[in-house]
Amino acid sequence: MENKKIFVTMSSMPPYDEYIDAIKPLWDSHWLTNMGKYHQELEEKLKNYLDVPELSLMVNGHMALEMIIQAFEFPKGSEIITTPFTFISTTHAIVRNHLKPVFCDVKMSDGTIDETKLEDLITENTVAILPVHVYGNVCNVKEIQTIADKYRLKVIYDAAHAFGVKYAGNGIGNYGDASVFSFHATKIFNTIEGGAVAFFSPEIREKLYNLKNFGIRGEELVVDIGANAKMNEFAAIMGLCNLKYIDLVLEERKKRYTFYKENLNSVRGIKLFDSNINVEPNYAYFPILIKEDYRVNRDELQDSLKKYGIYSRKYFYPLTSDQACFKNKYKKCKLENARKLAKQVLVIPLYDSLEKSIIYQILKIITGSK
Ligand SMILES: *Cc1c(COP(=O)(O)O)cnc(C)c1O
């Protein structure tokens, strides 16, 4: 028991035989990638599941972000207002497109971008807002859209954490101009590596198709300077298999999430993010905030969990704006809340097969009875 390591997540996998049976046809067709049958089937099924008008599958979430930013053809050096309280991919995708990230603070209540601070950061060079539905917490999509409309800005959501989340009864990918999902092995729905962009317009559909496949449009025709960001057939089949179990996975996560919440709600010095109103959550992560009146600091709690083989993560510390590659390079507002959250946050293990005994153990360590 002592030496079994418990990580913050565990990748969902379908029954072995089911995947093996599902990939068998590939040995007949030898069609392994290039928008094959399974790529098309998964694209269609996910479009339905996520309840979005258009979807383009990608090789991973990061390339999905890069491709959709590129698709909008913003002038080089333009500014995109974004959050530093995220995975490094969000900021990389902006900078790798030769654009400038402008860092906006977040809200203490749920860690999403503080929409009241956006307008102060808008300049004549601003072209877009790139917020993150961090932990699946939904940004203030209405207010962000109002501001975007007023200044004619695009809105691209990093929805990597928000697979299956609904807001006001709609799939979360229906907000802004586009939303990016990640199907990485560590996310709640995975295709081993994978991702997708949800969007609206047929022009974006054509553009993304070009960008993910070298701009090739015929045996002798290349119309755009595309990259290679296609999802292969093995990944698509993994997705088709996993998708059959996603509702079960969410149900199991919900049980564990609810149990954690009931037990941690009133622990002195521990704060949880507020639940969003009008949101159907996906129970993707369980972040807790370690306040000053907790008996030890955040890092000490992480260490005591580690002593029992339980590996929590400081998602997201440091802020992306403070990373060596970005530090002091870009404009930002005072990132007071983002800094506080980065210092306090700890994401504890949560996944569909997490044993109850481990959850008890984690709770005991956090409440100090162990
Ligand atoms: C996982 C993640 C990404 C990148 O997705 P990959 O599929 O790993 O490339 C981007 N943004 C956020 C917030 C993520 O958590």
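Considering only Val223, Ala93, Phe286, the residue lying farthest towards the positive end of the dipole of the chain is Phe286, judged by Cα position with unit charges set on Cβ. Rounded to the nearest 20 debye, the dipole magnitude of the stretch 16-243 is 180 debye, with +1 charges on Lys and Arg beta carbons, -1 on Asp and Glu beta carbons, and the Cα centre as origin. Residues Leu65, Leu55, Leu305, ranked from the fewest to the most other C-beta atoms within 10 Å, line up as Leu305, Leu55, Leu65. Within straight-line reach of Lys142, meaning a Cα separation under 19 Å, sit the following aspartates and glutamates at least 8 residues removed in sequence or on another chain: Asp51, Asp105, Asp110, Asp114, Glu115, Glu119, Asp120, Asp158, Asp177, Asp274, Glu280.
The aspartates and glutamates whose alpha-carbon is closer than 18 Å to the alpha-carbon of Lys5, local same-chain residues fewer than 8 away aside, are Asp303, Asp352, Glu355. Near Thr367: Cβ cut-off under 11 Å, other residues only, Lys/Arg at +1 and Asp/Glu at -1. The net charge is +4. In this structure, the amide hydrogen of Glu54, modeled 1.01 Å from its nitrogen in the peptide plane, lies closer than 5 angstrom to those of Phe199, counting only residues at least 5 positions away or on a different chain. List the aspartates and glutamates whose Cα lies under 16 Å from the Cα of Lys45, skipping any in the same chain that are fewer than 8 positions away. Candidates past the 8-residue exclusion: Glu54, Glu233, Asp247. Computed over neighbours whose Cβ is under 12 Å from that of Thr116, the net charge equals -4, Lys and Arg +1, Asp and Glu -1. Report summary: the helix-based calculation at 222 nm, which adds -39500 (n - 2.57) for every DSSP H run with n ≥ 4 and divides by the residues of the chain, gives -10500 deg cm²/dmol.
Among the listed pairs Lys4/Lys187; Lys271/Lys356; Lys117/Lys327; Lys47/Lys356, those with a Cα-Cα distance over 25 Å are Lys47/Lys356. Summing charges over all other residues whose Cβ lies under 9 Å from the Cβ of Ile147, with Lys and Arg as +1 and Asp and Glu as -1, gives -3. Sites listed here are chymotrypsin sites (Phe, Trp or Tyr not before Pro) in the stretch 9-44 whose DSSP assignment is loop and whose Cβ has at most 15 other Cβ atoms within 10 Å: Trp31.
Here the Karplus relation 6.51 cos²θ - 1.76 cosθ + 1.60, evaluated at θ = phi - 60°, turns the backbone of the stretch 244-249 into coupling constants of 4, 9, 4, 5, 5, 4 Hz, with x for every Gly and Pro.
Give me the percent of DSSP beta bridges within the stretch 16-243 that run antiparallel, rounded to the nearest 5. Let's see the in-between values first.
Details: 16 of 30 bridges.
Beta bridges within the stretch 16-243, antiparallel portion: roughly 55 percent.
Of the trypsin sites (Lys or Arg not before Pro) found in the stretch 71-160, those that fall in a DSSP loop while having at most 15 other beta-carbon atoms within 10 Å are Lys76, Arg96, Arg152.
As a proxy for reagent exposure, Ile6, Ile348 were ordered by neighbouring Cβ count within 10 angstrom, fewest first; the result is Ile6, Ile348.
Shown for Ile192, Ile237: other C-beta atoms within 10 Å of each C-beta, ranked fewest to most, produce the order Ile192, Ile237. Computed from backbone phi, the HN-Hα couplings of the stretch 26-35 come to 5, 6, 8, 7, 6, 9, 9, 7, 6, 6 Hz, rounded to whole numbers (Karplus: 6.51 cos²θ - 1.76 cosθ + 1.60, θ = phi - 60°; Gly and Pro given as x). Remark: the stretch 152-164, residue by residue, has Karplus-estimated 3J(HN,Hα) of 6, 10, 7, 10, 10, 8, 7, 9, 4, 9, 10, 4, x Hz, where x stands for each Gly or Pro and the curve is 6.51 cos²θ - 1.76 cosθ + 1.60 at θ = phi - 60°.
We did not get these values from a lab; they are worked out from the coordinates using the rules stated. The model shown is predicted, which means the values in this text are computed figures rather than measured ones. When we count neighbours, we look across all protein chains shown, and the Cβ atoms used for this are built from the backbone with ideal geometry, even at glycine.
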